[in-house]
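Novice: A single structure is presented below for examination.
The values are calculated or read from the model by the stated rules, or taken from the named source; none is laboratory data. Remember, it's a predicted structure, so these values are computed and weren't measured experimentally. Here the Cβ positions follow ideal geometry from the backbone for every residue, glycine too, while neighbour counts run over all protein chains shown.
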Amino acid sequence: MTSNALKPNTLFIEVSGSGLPEVDGLFVPSTAPAAESESGTVSSLGYWNGKMAWDRADGKCARSPALSYSNSYSSWRICRLDGHLAYDITCDDALPPTDRAWHVYKKGVAPAPSVVVHHFDPRKPLPKRNVVFVLGGPGSGKGTMCSLASTQLGWTHLSTGDLLRTEREAGGETAATIESYITAGELVPNEITVTLLKKAMDNATHQHGKLNFLLDGFPRSLDNMDGWYEVFGREAELPKMLYFECPFSVLEQRILGRAKYSGRSDDNIESMKLRFDTFKAKALPTLDLFRSQNKVVEVDASQGREDVYAVVKASLAAHTDPALAAQPLTEKSEMLLGLRPYPKRS
Ligand code: UP5
Ligand code: MG
């Protein structure tokens, strides 16, 4: 592939928190004309030294591109408004690193900035996202099927239960509240759950370009649904819901099977019963609401995994990339489907 045939440069870079306010800001795909750099590399529009390059969105930088890669110094570099180099990072990464501290150059000021890559212009409203809610009793296979759709079909799997557990482990100010609700098998307050969900969705869209979402274990109550409307708006069309129907005796067996390795504080008979009661009392009314709007795909989740997955795959087909849908099963998918054993734990 020649440099002129490279994919169009469509990423946006946000630089913030530097000790130098004139460096903070949004950087957009560079419009600098094709040129030859000091290392002799001829670059096409939007590229410099064979890697993507960006200008300041406010156009105020004396240098274009203002964020680019130097072959001579093997480093990414960010300029101040006057065009002088302020921050750099020595590496060969294809994009400006977002996970390491940048070096403060002599015309810069500490602390080094944080750098975020956006797939969509953060100044514009986000593109339309496809959201599917996945509901079902504890152990009905929501996590398994959503992992399959993520590994195999490229959908982004967000489990509100997992988001809550991660937040609890991070030990922030809501950690103790989350723990008390989860162990009691009750629902964590809306403002915690929906805020985590929104943050995770926006992050996946802006930073990873994801538009297809499976929300595993949400909404678990009409109250959750109110939280959803408050954050995402009442006008938006109600998402589709996959409902995993499964008798209690099967759920119980699966949860107790999983308890041997899951390490979850709620994978025991007592919590399991409380979770099931909460599910019937709180989640089933949301199911009725979605049924009344013809938004539910009923899935018999007591069937074998391959049969359940076939239904899930078909119901996501309209928004799944056909190339991904056609690819053979990955090893991880085979494990999730029970067709291949998981590697032994050491
Ligand atoms: N398995 C899966 N599918 C199978 C099949 N077809 N045939 C045979 N076996 C199958 O599956 C469970 C087990 O069954 C696994 O071993 C699997 O291999 C096997 P899994 O995919 O893990 O089921 P899942 O439905 O995800 O069960 P989970 O226990 O995660 O469901 P819960 O809804 O109870 O748990 P969640 O993590 O969503 O929530 C936990 C708690 O967080 C809640 O009780 C609540 O306190 C809190 N919470 C909120 O407050 N608000 C929220 O919005 C979300 C959670
Ligand atoms: Mg789960």
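Novice: Out of the residues in segment 197-252 meeting the condition of being assigned to a helix (DSSP H, G or I), within 16 Å of ligand 2 (Cβ to nearest atom) and over 21 Å from the mean Cα position of the chain (by Cα), tell me which one is surrounded by the fewest Cβ atoms within 10 Å (Cβ to Cβ).
Specialist: That would be Val250.
Novice: When the residues of segment 152-179 are filtered to those that are closer than 27 Å to Leu329 by Cβ and more than 15 Å from ligand 2 (Cβ to nearest atom), which remaining residue is surrounded by the fewest Cβ atoms within 10 Å (Cβ to Cβ)?
Specialist: This residue is Gly154.
Novice: Then there's this: Given the structure, is Pro341 out of contact with any Pro (no Cβ under 8 Å at 6 or more places or on another chain) and in the same structural domain as Thr151 (by TED's automatic domain parsing)?
Specialist: In short, no.
Novice: Counting only residues that are over 22 Å from Ile255 (Cβ atoms) and in contact (Cβ under 8 Å) with a residue 40 or more places away in the chain, which one in segment 151-189 is nearest to ligand 1 (Cβ to nearest atom)?
Specialist: My answer is Thr151.
Novice: Take the residues of segment 107-150 that are more than 16 Å from ligand 1 (Cβ to nearest atom) and outside any loop (DSSP other than H, G, I, E, B): which is surrounded by the most Cβ atoms within 10 Å (Cβ to Cβ)?
Specialist: It comes out as Val115.
Novice: Picking from Ser271, Ser292, which residue would you name as being free of Cβ contacts under 8 Å to residues at least 40 places away in the same chain and hydroxyl-bearing (Ser, Thr, Tyr)?
Specialist: Ser292
Novice: Out of everything in segment 94-104 that is crowded, with 18+ Cβ neighbours inside 10 Å and outside any strand (DSSP E or B), what residue ends up being nearest to ligand 2 (Cβ to nearest atom)?
Specialist: Pro96
Novice: Further question: Which pairs do you get when a residue that is more than 11 Å from Glu245 (Cβ to Cβ), found in segment 135-146, comes within reach of a residue that is near ligand 2 (Cβ under 8 Å from one of its atoms) and assigned to a loop (DSSP other than H, G, I, E, B), reach meaning Cβ atoms under 8 angstrom, with the pair 6+ apart or on two chains?
Specialist: Hits for this filter: Lys142/Gly217.
Novice: Continuing with the same structure: Given the conditions (1) in contact with an Asp or Glu (Cβ under 8 Å, 6 or more places away or on another chain); (2) without any contact (Cβ under 8 Å) to a residue 12 or more places away in the chain, report the number of the one that Gly17 does not fulfil.
Specialist: (2)
Novice: Return yes when Leu339 is assigned to a loop (DSSP other than H, G, I, E, B), of a type in the set (A, V, I, L, M) and exposed (fewer than 14 other Cβ atoms within 10 Å of the Cβ) and no when it is not.
Specialist: Answer is yes for this residue.
Novice: Any idea which of (1) part of a helix (DSSP H, G or I); (2) more than 16 Å from ligand 2 (Cβ to nearest atom); (3) not hydroxyl-bearing (Ser, Thr, Tyr) is the one Ile182 doesn't satisfy?
Specialist: (2)
Novice: Return the residue satisfying two criteria in turn: it lies in segment 256-276 and is under 17 Å from Leu187 (Cα atoms), in a helix (DSSP H, G or I) and not small (Gly, Ala, Ser), and of such residues it is nearest to ligand 2 (Cβ to nearest atom).
Specialist: Arg275
Novice: Let me ask something else. Considering each of Leu126, Leu135, Leu85, Leu95 in turn, give the residue that is more than 22 Å from Asn49 (Cβ to Cβ) and at pLDDT 95 or above.
Specialist: From the options Leu126, Leu135, Leu85, Leu95, the qualifying one is Leu135.
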